Amino acid sequence: MNRTSAEIETVKIANQDSSIAKPMATLSPGALRYILAAMCIVPVAIILALFAYMPPVYEGLLEVKITATGLPPATFYEADYYKRPEQLNGQSVADSGTLVVENLSDQDWTHLNIQVNKHYQIIDKEPIKAHSTRVFDLNRFLNRTGARFSLRYNELSHARIYARRPTRDRATYACEFKNGEPVELQETIQARERAAAKQ
């Protein structure tokens with residue numbers, strides 16, 4: 001099949017415009033290594049610089065008193081869990097026990113998240129008013145699987161409360177329980193010392 005000169009010229013122009021006919025840009029192995037190294041190093045360097053220059057951030061400390069009532073004696077937990085009685089003094093052990101949270105500050109608290117033994121929690125949407133007290137039944141606390149906290153199987157050993165203050169910052173307080181009595185954690189003592197140093 002014979003082509004005219006105009007058709008041949010059109011084919012030449014089309015071949016010149018085609019990306020297939022043009023040479024492809026190449027990247028040498030050395031340049032690729034430099035680019036990959038920079039992609040790994042630069043983000044790490046930025047994060048380290050932020051940690052070095054930004055001031056430390058601490059959660060606020062709630063002015064609160066946490067106590068517990070209706071707990072079984074320490075001797076109750078000396079027996080294996082399946083040997084422990086279901087009732088004490090005519091009351092179900094599983095349904096007994098309360099956590100008492102007393103707001104000692106002049107501020108109302110909202111967005112409450114209260115945890116016991118680090119795995120059971122309850123979320124309360126009702127604010128705790130300043131200088132007021134709220135009581136929570138321990139059997140209302142749930143873990144991630146939906147299991148309820150039961151004093152028959154679990155001795156109360158830890159409690160923590162998170163709340164939001166009117167200043168919109170989040171504050172917390174934590175304590176341990178030994179023989180039914182609250183004991184402040186070292187982190188709480190250190191947070192109180194930091195707050196006192198700022199004043």
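Measure off 7 Å from each Cα along the Cα-to-Cβ vector at Ala94 and Phe76, then give the distance between these two points in nanometres to one decimal.
Inter-label distance under the simple model: 1.4 nm.
Hey, fewest Cβ within 10 Å first, where do Phe51, Phe149 land in order?
On the way: Phe51 9, Phe149 23.
In order of increasing Cβ crowding within 10 Å: Phe51, Phe149.
Treat the count of other C-beta atoms within 10 Å as a stand-in for reagent exposure and order Asp124, Asp169, Asp95 from fewest to most. Each step should come with its number before you reach the end.
Values: Asp124 18, Asp169 9, Asp95 15.
Taking fewest neighbouring Cβ atoms as first place, the list is Asp169, Asp95, Asp124.
Excluding Pro166 itself, calculate the net charge of residues whose Cβ lies under 15 Å from the Cβ of Pro166, where each Lys or Arg counts +1 and each Asp or Glu counts -1.
Details: positive: Lys129, Arg164, Arg165, Arg168, Arg170; negative: Glu63, Asp106, Asp108, Asp169.
Residues close to Pro166 contribute a combined charge of +1.
Could you line up Ser150, Ser28 from fewest to most neighbouring Cβ atoms inside 10 Å? Intermediate values should be presented prior to the final figure.
On the way: Ser150 18, Ser28 8.
Lowest count first: Ser28, Ser150.
Under 5 Å between amide hydrogens, which residues at least 5 positions from Leu61 or on another chain qualify, with H placed 1.01 Å from N in the peptide plane?
The answer is Thr172.
Go through the stretch 129-144 residue by residue and turn each phi into a ³J(HN,Hα) via Karplus (6.51, -1.76, 1.60, θ = phi - 60°); whole Hz please, and just put x for glycine and proline.
Working through the residues one at a time gives 5, 4, 6, 10, 10, 10, 10, 10, 5, 5, 6, 8, 7, 10, 9, 5 Hz.
Classify the stretch 60-198 from the C-alpha gyration tensor, please: rounded if a/c falls under 1.5, else prolate or oblate depending on whether a/b exceeds b/c. Please list the in-between numbers first.
Numbers: a/c = 2.29, a/b = 1.81, b/c = 1.27.
Taking the square roots of the gyration eigenvalues as a ≥ b ≥ c, the stretch 60-198 is prolate.
Suppose R0 equals 25 Å. What FRET efficiency, 1/(1 + (r/R0)^6) with r the Cβ-Cβ distance, do Ile123 and Met54 give to the nearest 0.05?
On the way: r = 31 Å, r/R0 = 1.22.
The pair Ile123/Met54 has a calculated efficiency of 0.25.
No lab work stands behind these numbers, since they all come straight from the coordinates. Just so you know, these numbers come straight off a predicted model, no measurement behind them. Reconstructed Cβ throughout: ideal geometry from the backbone, glycine too, with neighbour counts over all protein chains shown.
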